[in-house]
Amino acid sequence: MDQEQRAVCSAKGCREAATWAVVWNNPKVHTPEREKVWVACGEHRDSLAEHLRMRAFLRRVEALSGS
């Protein structure tokens, strides 16, 4: 993936390349089969996942394909 196409971490203010997919769903807003994805660098993977876990939105964390 070249510089222009790289995924950028979803953490506020972070501009690092994302290497993780944090998959989630808000059941009050989304249908059960809908999955939303935040992408994360290694430094922010756990904090983004924990933010979603505390709200019971987290589905899984997996390596971002193509990174």
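Just so it is clear, none of the values below were taken in a lab; they were calculated from the coordinates. This structure is a prediction, so every number in the text was calculated from the model and none was measured. For neighbour counting, all protein chains shown are included, and Cβ atoms are generated from backbone atoms with ideal geometry for every residue, glycine included.
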Worksheet item: If each Cα of the chain is one equal point scatterer, what is log10 of I(q)/I(0) from the Debye formula at q = 0.13, 0.28 Å⁻¹?
Response: -0.35, -1.19
Worksheet entry | Lys36 versus Arg53: modelled label distance in nm, points set 7 Å from Cα along the beta carbon direction | 1.9
